[in-house]
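Engineer: Structure below; questions to follow.
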Amino acid sequence: MVQNALYAKGIESELVIVKTSGDNFLDKPFRDAGVGAFVREIDDLMRVGDIDLAVHSMKDVPTKRPKESALCAVLPRASPYDVLVYGDLSRSRMVVGTSSLRRRAQIARYYPSYICKHIRGNIDTRMKKLASGEFSGLVIAEAGLERLNLLSNKKRLPFIPSPNQGIVGVMANRALDEYESIATLSHEPTLIAGAAERIIMEALGGGCLAPLGIFAQTSGISLTIAAEVLSLSGDRAVRLKKRMLISDYEHESRVFAQQIKECGGEALIAEAVAQSSAF
C-alpha cells in the first residue's frame, strides 16, 4: 500500500521484508515478547542505514521511539473495530480464540457465556484453527480481514479498540531527502486521532500488561474520544467519553487521561500490571 502510494508520487522503492521477534514469538502469551516486539529489528535496520522507511501497524509501535525515527506519515485509517469471526456454532458454548488481554477482559465483561482460549499466529493460521473446529470463533481486527480480502462469517463487536488499531504508519529519518514528499501521503484526520490516542495511552501507562481501549474520531473542528480500562477478569471497568476541539487536543487529551485515572482507571491499571507481571 505504501509502495504504491510512493510510486504515484514518482518515488521508486524496494520492499525489504523483516521477520521480527513478534512474528517469531508463537508459543507463549505475546506480552512475554516485550515492548516493541514487532518494531525493534526494523528500528535497528533504519538506525544503521539498511532501510530508509519503516512501515508499521501503529498499534504495535511503542510511544517511546528512537530519536532517529520520526513518524513521517499515516495512511487513512482502516476499520478500527474488532469482529467476531465464527465457524461452527453447534457447540453449547462459544469457544473464542484471542491472545489479547484487552479482548479477553472485554469478552468476559460483555459476553460472559463465551469461553476464551489463547491463540497465536497470523490470520491465516488462526483461520485454519477455526476451520478445524478447535475454536468456534475468533476475535480479530476487522482491518486485517479487509486488507487480506478475506470473506468470512463475522459480527462487529461493541468493544473500544486498542489505541491506533487500523492505522498504518510510515517511519523515516528526518534527514532523508524524500522526507517532505513522503510526508504529503499523511491523512490529517487519522494523524490527529492517532496522536490523541497515543497521548492518552502514554499518560495512563500499563503498556501491554493492562486491558485498555482508546478510540478517537474527528468531525469538523471536534475530536471525540472514548476510553475504557478494565480489570483482567472484566468484572470492573472505567469507561468515559469526551469531546474536545481539535485545536486543543494535546492538552485536552492529557486532561482526559487524568479524568480516567481519577475515576478508578489508575487503580485498575496498577492492579492489572501487578497481576500480569506475576504470571
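Engineer: Could you list R243, R47, R198, R102 in order of exposure, starting from the residue whose Cβ has the fewest other Cβ atoms within 10 Å?
Structural biologist: Ordered from fewest to most neighbouring Cβ atoms within 10 Å, R243, R47, R198, R102 come out as R243, R47, R198, R102.
Engineer: Here is a follow-up. If you restrict to DSSP beta bridges whose two residues both lie in the stretch 82-156, what percentage is antiparallel, to the nearest 5?
Structural biologist: Roughly 60 percent of the beta bridges in the stretch 82-156 run antiparallel, per DSSP.
Engineer: What is the spin-label model distance, in nm, from V55 to T125 if the labels are put 7 Å beyond Cα along the C-beta direction?
Structural biologist: 2.2
Engineer: Please compute the Kirkwood hydrodynamic radius over the stretch 36-154, one decimal place, Å, based on all pairs of different Cα atoms.
Structural biologist: On the way: mean 1/r = 0.0611 Å⁻¹.
Hydrodynamic radius (Kirkwood, Cα pairs) of the stretch 36-154 is 16.4 Å.
Engineer: Viscosity 1.567 mPa s, temperature 4 °C: what is the translational diffusion coefficient of the stretch 154-279 from Stokes-Einstein with a Kirkwood Rh over Cα pairs, rounded to a whole number of µm²/s?
Structural biologist: For these conditions, the coefficient is 82 µm²/s.
Engineer: Which of S13, S90, S253 ends up with the largest GNM mean-square fluctuation for the chain, with Cα atoms connected below 10 Å?
Structural biologist: Among S13, S90, S253, the largest mean-square fluctuation in the Gaussian network model of the chain belongs to S90.
Engineer: Among bridges DSSP assigns within the chain, what percent are antiparallel (round to 5)?
Structural biologist: 85
Engineer: Taking amide H positions as placed in the peptide plane 1.01 Å from N, state which residues far from L157 in sequence (5 or more) or on other chains have amide H under 5 Å from it.
Structural biologist: Counting only residues 5 or more places away or on other chains, the set is D82, V83, L84.
Engineer: With a cut-off of 8 Å between alpha carbons and a minimum separation of six or more residues, what is the relative contact order of the stretch 187-279 in percent?
Structural biologist: So the answer I get is 31 percent.
Engineer: Could you give the dipole magnitude of the chain about its Cα centre, charging the beta-carbon of Lys and Arg +1 and that of Asp and Glu -1, in debye to the nearest 20?
Structural biologist: Dipole about the Cα centre, nearest 20: 1300 debye.
Engineer: Could you line up H187, H56, H118 from fewest to most neighbouring Cβ atoms inside 10 Å? Can you show the working numbers first?
Structural biologist: On the way: H187 16, H56 20, H118 12.
Taking fewest neighbouring Cβ atoms as first place, the list is H118, H187, H56.
Engineer: While we're here: Taking the beta-carbon count within 10 Å as an exposure proxy, list V273, V16, V39 from fewest neighbours to most. Let's see the in-between values first.
Structural biologist: Working: V273 17, V16 12, V39 24.
Ascending number of Cβ neighbours within 10 Å: V16, V273, V39.
Engineer: Report the extension gain between V18 and A274 in nm, rounded to one decimal, defined as 0.36 nm multiplied by the number of residues separating them, less their alpha carbon distance.
Structural biologist: Working: separation 256, 0.36 × 256 = 92.16 nm, distance 3.30 nm.
Separation in residues times 0.36 nm, less the Cα-Cα distance, equals 88.9 nm.
Engineer: In whole Å, largest first, what are the principal axis extents of the Cα atoms in the chain?
Structural biologist: Cα extents, longest axis first: 59, 44, 37 Å.
Engineer: Moving on to the next point. By how many nm would the segment from S113 to N149 grow when fully extended, if each residue of separation counts as 0.36 nm and the alpha-carbon distance is taken off?
Structural biologist: 9.9 nm
Engineer: Output the relative contact order of the chain, whole-number percent, from Cα pairs under 8 angstrom with separation of 6+ residues.
Structural biologist: 21
Engineer: Separation between the V95 and L245 pseudo-spin-labels, each 7 Å from Cα along Cα→Cβ, expressed in nm?
Structural biologist: Each label point is offset 7 Å from its Cα along the Cβ direction, giving 5.5 nm.
FYI, it's all coordinate maths here, none of it is from the lab. On a predicted model such as this, the values are computed, not experimentally measured, just so you know. Positions of Cβ are generated from backbone atoms using ideal geometry, with glycine treated the same way; all protein chains shown enter the neighbour counts.
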